[in-house]
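See structure below.
The values are calculated or read from the model by the stated rules, or taken from the named source; none is laboratory data. Bear in mind the structure is a predicted one, so any value in this text is a computation, not a measurement. Counting neighbours? That spans all protein chains shown, and the Cβs are built from the backbone with ideal geometry, glycine included. Protein only, heavy atoms only, side chains kept; ligands, DNA and RNA dropped before computing areas. Shrake-Rupley method; radii C 1.70, N 1.55, O 1.52, S 1.80 Å.
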Amino acid sequence: MEQEDNRPEWGKSVSKVCLLPQRVVLSLMGFFSLICTFTCRVSLSHAITILAISNRTRNATNDLPEGVCPKEEVTEGGAVYKGLYEWDETQKGIILGSFYFGYIISHLPGGILADLYSAKWVVAFCVGVTGICELLSPTAINFGAYYLITLRVLMGIAQGPIFPGLNGLLSSWVPKKERSTLGTLCFSGSTMGIILSNACSGLLLQYFYWSVMFYVFGTLSVIWFIVFAIICTNSPYAHPFIKPKERQYLAETVGNVNKNKPAIPWKPMLISISMLSLIISQMGHDWGYYVMVTNLPLYMADVIQFSIRSNGLATALPYIAMWIASLVSGLVADWLIRTEKLKLVTERKLFTLLSAFFPGLFMVAASYGGCNKALVVALFTISMLTMGLYYAGQKLSALDVSPSYSSTITAIINGLGSLTGLFAPPIIGLLTPDKNLNQWRIVFWASYVILTLSSIAFWFMGSADVQPYDPMYNKTEKPAENKNK
């Protein structure tokens, strides 16, 4: 029986002109939230390549050091930078890694708040405060490294709960059979954010003063905050202009995961094998991912010697491939599950394994590409293309094992995974003091091993079943669920 339409008149009017279902609108707003947060997060990785004074020395014949490519010659005009600060590789690593000091500590509080109170306002806080921090970044840079580090820590605190908050929203809005498609659409915003940050940062730094980049990304984040606060809600039951037919459909396929939710069952949650598998696979994936996100612009600039503009475009291309692969993999995953070609748990494990083994393999191959710029970019592109499968794999497992507490679980595993983001830049700085191919090859080999081992652990220990500690466990139809195991 169709539900009575109790919406306000203005809500009915809005729904008539809204062509998309509200669960799709919410997924798209989640997509744009990650674009905002990741453009702000990654922008400094490009700015630091021109803010820091180059301290590379040449040999007696005035040649480049061994393992460093010839610098790309650029004839087009644009902004000219001579560097502002004498930051060595270790200092740059600390500046880039400082974001993760704040990022780690806010995961769990944000996840708990999203599960027990309001996932919507947790996500809104993440993007709004991130935008303000980005707008303040030029001022902090002008004051000095300590001010910049402090602001980056604050931005990290703001962004820590973004994935837990989005998981909380998706658990209330997205049916299981649409989870791979809409969940991947939402989470692929992080990849698109890196694409836009890499491509636009290079162009903005080439043709404008460096501070313009921060003002553009910060302003867009603040605009997103205003729109999101107006048009999105925590659940379909509170939405002012969702169509009654869609609300009824979501009530039947999702249920009200926010209703009468008991206290978080910490002990059974933390000691479960599924949680351990998520932690291990998340930390392994994040190591490889953060090596690329945070340090690829430095590798392209310092070792391969791309110009400022070309660096942005060269580092954007791998993420364009990753974004396309993530969207396609979501559709393919839902098709494989819906047609029973693969069991749900098999699909999650297979996509996770493929998204770790091949990215690491091609990452290593790129380090043997020498100074062939086209070949190096092509190999990094293939590496990130295959990493796109991850979003239809382990990334959705928190929603599978516990719809009611997916925010808290995501907060735990994402928070621990972000430890790699904290330690990777300083460690890489120590491993690559001379910024040459041989030193970076060690970094890529280590990433390959870490990625592969972590995905193997998920293969043997991972699960796609709703766990007994979740209130939705007793409401799950076991025969239907077993079909997808």
Which of the residues spanning the range 332-388 are hydrophobic (A, V, I, L, M, F, W, C), touching a Ser or Thr at 6+ places or on another chain (Cβ under 9 Å), touching a residue at least 60 places away in the same chain (Cβ under 8 Å) and open to solvent by 40 Å² or more (accessible area, probe 1.4 Å)?
-> Val332, Leu353, Phe357, Leu361
Verdict on Phe444 being closer than 26 Å to Val68 by Cα and open to solvent by less than 10 Å² (accessible area, probe 1.4 Å) = yes
Here are some residues: Thr191, Thr184, Thr130. Which one is under 24 Å from Ile242 (Cα atoms), within 18 Å of the chain's Cα centre (by Cα) and among the β-branched types (Val, Ile, Thr)?
-> Thr184
Filter the range 426-441 for residues that are of a type outside the set (Phe, Trp, Tyr) and in contact with a Ser or Thr (Cβ under 6 Å, 6 or more places away or on another chain); which is most open to solvent (accessible area, probe 1.4 Å)?
-> Arg441
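Here's the yes/no breakdown for (1) open to solvent by 10 Å² or more (accessible area, probe 1.4 Å); (2) over 19 Å from Gly360 (Cα atoms); (3) in contact with a Cys (Cβ under 6 Å, 6 or more places away or on another chain); (4) among the charged types (D, E, K, R):
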residue: Ser272; (1), (2), (3), (4): yes, yes, no, no
residue: Leu276; (1), (2), (3), (4): yes, yes, no, no
residue: Ser281; (1), (2), (3), (4): no, no, no, no
residue: Trp287; (1), (2), (3), (4): yes, no, no, no
residue: Pro297; (1), (2), (3), (4): no, no, no, no
residue: Ala301; (1), (2), (3), (4): yes, yes, no, no
residue: Ala316; (1), (2), (3), (4): no, no, no, no
residue: Tyr319; (1), (2), (3), (4): no, no, no, no
residue: Ser326; (1), (2), (3), (4): no, no, no, no
Hits in the range 367-400 - residues which are touching an Asp or Glu at 6+ places or on another chain (Cβ under 8 Å) and under 15 Å from Gln282 (Cα atoms) = Ala392, Gly393
Is the range 416-425 home to any residue that is within 21 Å of Tyr368 (Cβ to Cβ), in contact (Cβ under 8 Å) with a residue 40 or more places away in the chain and crowded, with 18+ Cβ neighbours inside 10 Å?
-> no
Inside the range 181-200, can you point out the residues that are under 19 Å from Gln22 (Cβ atoms), open to solvent by less than 10 Å² (accessible area, probe 1.4 Å) and among the polar types (S, T, N, Q)?
-> Thr184
Looking at (1) in contact with a Cys (Cβ under 8 Å, 6 or more places away or on another chain); (2) over 23 Å from Gln282 (Cβ atoms), find the lone condition where Leu204 falls short.
-> (1)
